[in-house]
Amino acid sequence: MKIKKMSDLDYVELYANKLKEDNRLFLQQKKLIESQLHASSALFKNRFGERNFKENARVYLRDVGLITVE
């Protein structure tokens, strides 16, 4: 028996169909995304502070070489 290899698009389509069948999956995914967003927000606030966030982030990104001085 030969198994067909699924592409990324096949998985997206499969997941979309599952979401149509069971709305609880959508709510579960929404909770996961909101949790990740909250964790990322907390991480960046702790790392760069709430005040001057953009400036502090740019300094860090320059220091690690991810952006150049303009």
- Give me the pairs: first residue in the range 40-66 and free of Cβ contacts under 8 Å to residues at least 12 places away in the same chain, second residue surrounded by 12 or more Cβ atoms within 10 Å (Cβ to Cβ) and polar (S, T, N, Q), beta-carbon distance under 6 Å, and six or more apart or on different chains, which are they? 49/56
- Task: Identify all residues within the range 42-70 that are loosely packed, with under 12 Cβ neighbours inside 10 Å and under 21 Å from the mean Cα position of the chain (by Cα); write none if there are none.
- Result: 42, 43, 45, 46, 47, 50, 54, 66
- Message: I'd like the residue in the range 1-15 that is at pLDDT 90 or above and surrounded by 10 or more Cβ atoms within 10 Å (Cβ to Cβ) and, out of all such residues, is nearest to residue 69 (Cα to Cα).
- Response: 12
- Condition met for residue 24 (without any contact (Cβ under 8 Å) to a residue 40 or more places away in the chain, in a helix (DSSP H, G or I), surrounded by 10 or more Cβ atoms within 10 Å (Cβ to Cβ) and basic (Lys, Arg)): no
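The values are calculated or read from the model by the stated rules, or taken from the named source; none is laboratory data. What you see is a predicted model; the values in this text were computed from it and never measured. Heads up, the Cβs are rebuilt from the backbone with ideal geometry, glycines too, and the neighbour counts pull from every protein chain shown.
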